[in-house]
Amino acid sequence: MGKKWNMALSLLLVVSMVLTACGGVQQGAGGKDKQELNWVITAEPPGLDSAITTDTVSFQILNNITEGLYRLNKDNEPEPAIAKDVEISDDKKTYTFKLRDAKWSDGKPVTAHDFEFAWKRALDPKNKSQYAYILFPIQGAQEYNEGKGDQEDVAVKAVDDKTLKVELKDPIPYFLMMTSFATYRPQREDIVEKYGKDFAEDPDKMVYNGPFKLTQWQHNKSLKLEKNEKYWDKDKVKLDTINFTKSDEVSTQVNLYNTGKLDFVENLDASFVDKFKGKEDVKVFNETTTFYLQFNTNDQFFANEKIRKAFTMALDRSIMTDKISKTGSKPAQGLVPPNVEVDGKSFRELSGKYLKEDPKEAKKLLEEGMKEEGIKKVPKVELLGYDRDTAKKDQEYMQQTFKEVLGVDVDIQILPFKQKLEREDAGKFQISYAGWGADYNDPMTFLDLWVTGNAFNRGDWSNKEYDKLIKKAQSNPDFEERAKQLAKAEKILMEEQAIAPLYHRARMQLQKPYVKNVWRHPFGADYTFKEAYIEGKQ
Amino acid sequence: MGRFILIRFMYMVITLWVIATVTFFLMHHLPGSPLANEERIPPELKEQILAQYGLDKPLPVQYLDYLGKLVQGDLGTSFKYDGRSVTEMIQQGFPASAQIGLQAMVFGVLLGVILGCISALRRGTLVDNGATVLSVLGYAIPSFTLAALFSYYVGVVWRVLPAAGWGTFAHSVLPSLALSFLVIAQITRYVRTEMLEVLGQDYMKTARAKGLERRVIIIRHALRNALIPAITIIGPLTVALMTGSLVVEKIFNIPGMGWMFVDSIITNDYTMIMGVTMFYSFLLILSIFIVDILYGVVDPRIRLTGAKE
């Protein structure tokens with residue numbers, strides 16, 4: 001077996017060397033490759049109105065046809081885009097952005113008013129924007145959106161055409177990054193009003209200020225993007241065309257990939273992983289997500305910390321990541337995923353490793369915990385689960401392990417997503433298999449969920465010290481100290497085992513080797529094609 | 001005939017109303033709301049957005065609102081695809097689904113009738129057995145299995161036709177073929193059984209005794225009568241195929257309307273659920289109506305008894 005693999009590997013190496021050599025020759029021939037990228041989207045974008053939309057596909061498209069104050073670069077750091085630079089006050093609550101001379105696709109300049117208009121439009125309760133809360137760091141935003149305040153009190157103001165002043169409720173280290181998010185994109189008042197309900201429903205019913213513009217939208221079939229000649233940084237844009245084909249079936253995507261109709265496959269499932277493993281086409285996309293078991297602390301059994309710990313220790317996380325999903329997911333060591341950063345460093349380095357498998361200790365803790373609670377016989381436990389394929393296998397693994405290690409019979413209740421959510425909201429569960437993805441690059445996007453009284457703290461875990469730390473961190477302008485407070489908070493959460501983090505998900509994708517320089521982002525929109533190009537296709 | 005159509009039409013309207021009512025109330029008992037990123041929206045905000053949509057009103061009020069709009073032919077706008085009307089979305093998806101469905105139907109019925117006739121006439125021969133095996137397979141193998149096989153072998157391995165996609169006639173061949181197998185199977189079985197029965201009837205002997213040509217006997221006298229049961233299933237089957245098969249459309253990446261039925265329920269897109277249900281029901285009832293009329297064309301006895309009632 002080992003020998004076979006070695007053979008295959010060396011063969012692969014030779015082949016790839018030959019291919020690289022070929023690529024080199026072609027490149028010398030003068031970059032004659034057609035600059036056309038054939039990408040896939042897994043769903044029809046429900047709407048391209050940046051102030052309203054909520055889904056990943058729309059974010060992906062919008063990220064390439066519009067541009068905000070900042071844009072995430074190759075290393076996922078915010079880089080000045082429509083903003084030329086920014087002045088931040090000492091208390092880190094006032095941001096004054098200076099805008100560069102950028103133009104919309106119809107030739108009109110991008111002004112500070114376009115930002116003020118778009119942000120207030122997203123916050124206007126009449127517009128029913130489901131992502132309005134992403135603007136809540138701005139002073140007065142939440143009050144206006146909840147109908148308790150006035151529009152005038154939202155602290156975003158166009159001082160003049162090229163100056164935008166924003167005041168924040170709290171000092172936050174991730175605000176520049178947030179300005180790259182779709183909901184923070186500018187919009188033109190005249191265009192929005194001209195088309196009213198039809199705004200952004202068709203390519204000619206919107207304007208563009210990003211590297212590309214939308215030129216064709218065949219609903220539920222395809223979208224076509226072409227280079228935007230009015231874009232301020234157009235010299236860096238190399239692609240002429242991007243064709244997005246909609247396909248939500250992996251095997252179809254793979255068939256189209258193999259026949260050269262697609263340059264990309266979004267998300268290989270476990271059945272395809274073995275087939276493509278080791279090929280140079282394979283790319284791993286690390287999501288900023290954490291999947292975990294949520295214990296309901298109102299339940300008599302799981303109110304006990306030792307019992308929660310027992311269930312956490314019983315599991316071997318690497319089985320879920322390496323044996324079940326096989327797409328590159330990483331076993332969790334805490335709540336916050338490794339790609340979340342504070343001050344340019346991974347938060348995980350600052351925090352600790354809290355999770356390890358220890359079946360003996362788990363069994364001991366369970367017995368101790370039951371003694372503490374005066375429970376004689378292990379009750380039947382119900383686990384609320386997802387109805388996705390991989391998740392089902394995870395759930396079966398956990399069921400089996402809890403039985404083998406702890407001797408606990410776990411009943412798996414698989415529910416459709418919305419129904420599961422309803423049970424969680426109502427607190428009608430013992431353990432729930434759940435997940436959360438980051439809204440922005442900061443540990444806070446995960447940690448503030450477990451504050452007492454937060455609607456997403458579904459297990460009702462409560463710790464005064466934790467609440468205090470999060471509250472302090474939220475308004476702390478000293479970002480170094482803030483990071484320590486957050487690390488301490490995570491420690492409490494892990495030591496009391498309010499939840500049992502399982503893994504951070506990764507997707508395995510295929511991308512033709514001739515497609516270069518596509519930026520992948522673990523936050524906000526998934527991809528940037530601004531500087532992508534084709535090389536060595538023909 | 002005029003009165004017959006009028007009564008039928010009244011029944012149609014009543015049936016549609018019953019379907020609309022049942023669907024409306026069942027649908028509102030689905031857990032969750034039509035909001036897209038429901039798990040992330042703070043609860044106060046959620047209530048407010050729902051109120052903006054008028055979903056905080058009592059259910060009977062919402063029901064009357066809906067019926068009022070439905071009578072005017074307004075199916076409303078989708079929740080998920082904000083701002084796009086359900087009618088427009090059906091208009092965009094239906095043509096592709098309908099084309100594939102119709103092609104599958106025409107091909108399937110033609111082949112099914114021919115195979116059915118031949119098996120009946122050559123009963124017990126190799127041809128008959130072959131046709132029986134084919135129709136059993138057609139019943140047993142789901143269309144999406146065929147679709148996946150066709151897409152992979154014809155599209156990827158042999159590269160004869162596109163593996164997936166939509167645009168030219170070539171794109172529609174494989175999906176139509178995948179869908180047609182069930183049609184072939186059903187029609188073959190119906191026609192064969194009926195043909196055998198009809199061929200044994202006395203009037204067939206009479207026809208032969210009159211000295212009619214074999215071709216005329218089979219087509220005008222035998223087949224015409226044998227087709228009646230087949231026609232019964234053709235109507236609903238056509239509607240089912242024309243409104244799209246979710247999985248076959250997924251495999252071949254066809255911008256049809258099959259996905260709408262499932263997607264709308266998963267996302268609780270209320271207006272969309274109602275829209276596609278009403279559209280489907282309307283077509284189904286219409287097809288039954290047309291089949292009723294077709295009976296008369298094929299068999300004058302049915303027309304006569306219909307008129308007497």
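May I ask you to list the residues in the range A:215-256 that are surrounded by 16 or more Cβ atoms within 10 Å (Cβ to Cβ), out of contact with any strand residue (DSSP E or B) (no Cβ under 8 Å at 6 or more places or on another chain) and within 17 Å of A:P46 (Cβ to Cβ)?
Within the range A:215-256, A:H219, A:D248 meet the criteria.
Assuming A:F97 fulfils every condition listed in (1) of a type in the set (F, W, Y); (2) in contact with a Gly (Cβ under 8 Å, 6 or more places away or on another chain); (3) more than 14 Å from every other protein chain (Cβ to nearest Cβ) apart from one, which condition is it?
For A:F97, the exception is condition (2).
Exactly one of these conditions fails for A:I65: (1) more than 14 Å from chain B (Cβ to nearest Cβ); (2) within 21 Å of B:R40 (Cα to Cα). Give me its number.
Status for A:I65: all satisfied but (2).
Taking B:I234, is it touching a Lys or Arg at 6+ places or on another chain (Cβ under 7 Å) and either among the aliphatic types (A, V, I, L, M) or under 12 Å from B:A120 (Cβ atoms) (or both)? Explain how you work it out, then say what you get.
Details: touching a Lys or Arg at 6+ places or on another chain (Cβ under 7 Å): no; either among the aliphatic types (A, V, I, L, M) or under 12 Å from B:A120 (Cβ atoms) (or both): yes.
So B:I234 fails the test.
Filter the range A:257-268 for residues that are surrounded by 17 or more Cβ atoms within 10 Å (Cβ to Cβ) and within 27 Å of A:P338 (Cα to Cα) and give the result.
A:F264, A:V265, A:E266, A:L268 - these are the residues of the range A:257-268 that are surrounded by 17 or more Cβ atoms within 10 Å (Cβ to Cβ) and within 27 Å of A:P338 (Cα to Cα).
Determine which member of the set B:I184, B:I219, B:I228 is buried (at least 19 other Cβ atoms within 10 Å of the Cβ) and hydrophobic (A, V, I, L, M, F, W, C). Spell out how you get there, then give the answer.
Values: B:I219 fails: buried (at least 19 other Cβ atoms within 10 Å of the Cβ); B:I228 fails: buried (at least 19 other Cβ atoms within 10 Å of the Cβ).
Of B:I184, B:I219, B:I228, the one residue that is buried (at least 19 other Cβ atoms within 10 Å of the Cβ) and hydrophobic (A, V, I, L, M, F, W, C) is B:I184.
Residues A:T321, A:T327: which one is outside any helix (DSSP H, G or I), in the same structural domain as A:A498 (by the TED database) and touching a residue at least 40 places away in the same chain (Cβ under 8 Å)? Lay out the reasoning, then the answer.
Working: A:T321 fails: outside any helix (DSSP H, G or I).
Result: A:T327 is the single residue among A:T321, A:T327 that is outside any helix (DSSP H, G or I), in the same structural domain as A:A498 (by the TED database) and touching a residue at least 40 places away in the same chain (Cβ under 8 Å).
For a quick check of your reading of the model, give me the residue pairs whose first member lies in the range A:515-526 and is modelled with pLDDT of 95 or more, whose second is surrounded by fewer than 21 Cβ atoms within 10 Å (Cβ to Cβ) and acidic (D, E), with beta-carbon atoms closer than 7 Å and at least 6 apart or on different chains.
Close Cβ pairs (under 7 Å, with a partner that is surrounded by fewer than 21 Cβ atoms within 10 Å (Cβ to Cβ) and acidic (D, E)) amount to A:K516/A:E535; A:N517/A:E531; A:R520/A:D526.
For A:V57, work out the one condition from (1) within 14 Å of another protein chain (Cβ to nearest Cβ); (2) touching a residue at least 24 places away in the same chain (Cβ under 8 Å) it doesn't fulfil.
(2)
Failed condition for B:T87, given (1) under 30 Å from B:L294 (Cβ atoms); (2) away from chain A (no Cβ under 14 Å), with all others met?
(2)
If you check A:D114 against the conditions, is it outside any helix (DSSP H, G or I) and assigned by the TED database to the domain that holds A:A200?
Here the answer is no, as A:D114 does not meet what is asked.
Give the number of residues within the range B:231-242 that are touching a Leu at 6+ places or on another chain (Cβ under 7 Å) and buried (at least 16 other Cβ atoms within 10 Å of the Cβ). Outline the logic, then answer.
In the first step, residues of the range B:231-242 are kept if they are touching a Leu at 6+ places or on another chain (Cβ under 7 Å); the result is B:231, B:236, B:239, B:241-242.
When the remaining residues are screened for being buried (at least 16 other Cβ atoms within 10 Å of the Cβ), the result is B:231, B:239, B:241-242.
Number of matching residues: 4.
For the range A:239-298, which residues satisfy the criterion of being in a strand (DSSP E or B), charged (D, E, K, R) and under 18 Å from A:E535 (Cα atoms)? Quick ask: steps written out before the conclusion?
As a first pass, look at the range A:239-298 and keep what is in a strand (DSSP E or B): A:241-246, A:264-265, A:282-286, A:289-295.
Now narrow it down to the ones that are charged (D, E, K, R): A:246, A:283.
Scanning the range A:239-298 gives a single hit, A:K283.
Inspect all residues belonging to the range A:431-442 and state whether any of them is without any contact (Cβ under 8 Å) to a residue 60 or more places away in the chain and of a type outside the set (G, A, S). Please lay out each step first, then the result.
Residues of the range A:431-442 without any contact (Cβ under 8 Å) to a residue 60 or more places away in the chain: none.
The answer is no; no qualifying residue exists.
Given B:L111, B:L70, B:L35, B:L75, which one is under 30 Å from A:A438 (Cα atoms) and crowded, with 17+ Cβ neighbours inside 10 Å?
Numbers: B:L111 fails: under 30 Å from A:A438 (Cα atoms); B:L70 fails: under 30 Å from A:A438 (Cα atoms); B:L75 fails: under 30 Å from A:A438 (Cα atoms).
B:L35 is the lone residue from the list that is under 30 Å from A:A438 (Cα atoms) and crowded, with 17+ Cβ neighbours inside 10 Å.
Just to confirm my filter: which helices (runs of 4 or more DSSP H) fall fully inside the range B:150-252 and include at least 2 residues that are touching a Gly at 6+ places or on another chain (Cβ under 6 Å) and within 14 Å of chain A (Cβ to nearest Cβ)?
Details: elements: B:169-199, B:202-209, B:224-242, B:246-251.
In the range B:150-252, B:246-251 are the helices (runs of 4 or more DSSP H) which contain 2 or more residues that are touching a Gly at 6+ places or on another chain (Cβ under 6 Å) and within 14 Å of chain A (Cβ to nearest Cβ).
The values are calculated or read from the model by the stated rules, or taken from the named source; none is laboratory data. Nothing here was measured: the structure is a model prediction, and the numbers come from that model. Using ideal geometry, Cβ is built from the backbone for each residue, glycine included, and neighbour counts are taken over all protein chains shown.
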